[in-house]
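Just below is one structure, and these are the notes that go with it.
Every read-out reported here was derived from the displayed coordinates using simple, explicitly stated rules and does not represent laboratory data. This structure is a prediction, so every number in the text was calculated from the model and none was measured. Backbone-built Cβ (ideal geometry, glycine too); neighbour counts: all protein chains shown.
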């Protein structure tokens, strides 16, 4: 009985049209197209961190045909809350938001315009050095999270609509 249920579930799943996004691994169509995306630099430390994370995730496109340009605008904000009686903040929230556009270089058209964002809570302690270090660590983590969100959305776009570039 269990074999029959397992077989029926496998057949139903294969008939629904699901297919692996990264089929073929590094030599697959999605990975090849992602490597054809050139990431434009963004200003500031947050811009450098996000740019570095995106380049690591998209792959090396040196020597490859560049078909797309990724333009990223960042908004990095730290807000204090949890105010004590002396008006000093006890908690901070660091928010990093990105608006990104994927531009098809052959036509100049924006083919994807989306946003990504994340935030992190930071304890404000008596040591100013420790608070600044926590703020920097939060920015590093948020840059990684945003890059992951962006690459996931780019891969979905490539899977659904873009021709493969190798």
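So here's what we get for this one:
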{"item": "Point-to-point label distance, residue 91-residue 40, nm (Cα→Cβ direction, 7 Å offset)", "result": "3.7"}
{"item": "Virtual paramagnetic centre 7 Å along Cα→Cβ of residue 84, amide N under 14 Å, in segment 118-139", "result": "123-128, 131"}
{"item": "Relative contact order of segment 20-160, pairs being alpha-carbon contacts under 8 Å that are 6 or more residues apart, as %", "result": "23"}
{"item": "Burial ranking of peptide ranges 56-65, 36-45 (average Cβ count within 10 Å, highest at the top)", "result": "36-45, 56-65"}
{"item": "Pairs of alpha carbons in segment 94-166 whose separation is greater than 13 Å (percent)", "result": "71"}
{"item": "Inter-label distance for residue 60 and residue 109, nm, one decimal - labels placed 7 Å from Cα along Cα-to-Cβ", "result": "3.4"}
